[in-house]
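The structure appears below as structure tokens.
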Amino acid sequence: MYPERWWLLITVVTLNVGINSHWVAFPTVAKIAAKHYDQTGDLMDLIPTVSMAIGVPFTLIATYVVKRFGLKIGLKISGILTGIGLTTRSY
């Protein structure tokens, strides 16, 4: 049981670092992206705002999944969805 706790902790920390690294990286390229796509900075600032607005309902869904099915299943689902999200942002 004890090694399993460390595995879960490492998984949660890795997922949080992956998600937060994308939040931190976006402002550094926002001006370049705005120039490249010929858009205003205000329009580019909507991307993190919309992302945050979409994230709030999914946080409630994630809470339900963890409470209903357990932490292991919740981490597996969140890991897969985070991987898909990070991959689609990379392109």
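Readers should treat all values here as calculations from the given coordinates under stated rules, not as data from a laboratory. Predicted model, so just to flag it, every value in this text is computed and none were measured. No Cβ is skipped: glycine too gets one built from the backbone with ideal geometry, and neighbour counts run over all protein chains shown.
The charge dipole of region 1-78, taken about its Cα centre with unit charges on the Cβ of Lys, Arg, Asp and Glu (plus for the first two, minus for the last two), comes to roughly 400 debye. Considering only 24, 12, 65, the Gaussian network model of the chain with Cα springs below 10 Å gives its largest mean-square fluctuation to 24.
Report, to the nearest 10°, how far helix 41-69 tilts away from the longest principal axis of the Cα atoms in the chain, using its own Cα long axis and a range of 0 to 90°. Result, in degrees: 10.
Counting only alpha carbon atoms, the long axis of helix 71-90 and the longest principal axis of the chain meet at about 20°. For region 2-90, the equivalent ellipsoid derived from the Cα gyration tensor has semi-axes of 31, 15, 9 Å, listed largest first.
Counting only lysines at least 8 places from residue 76 when in the same chain, those with an alpha carbon closer than 27 Å to its own are 67.
Taking loop as defined by DSSP and a crowding limit of 14 other beta carbons within 10 Å, which chymotrypsin sites (Phe, Trp or Tyr not before Pro) in region 8-66 fit?
Details: sites: 23, 37, 58, 64; in loops: 37.
Qualifying residues, ordered by number: 37.
For the pair residue 17 and residue 60 in one chain, pulling the backbone fully straight at 0.36 nm per residue adds 13.4 nm over the alpha carbon distance.
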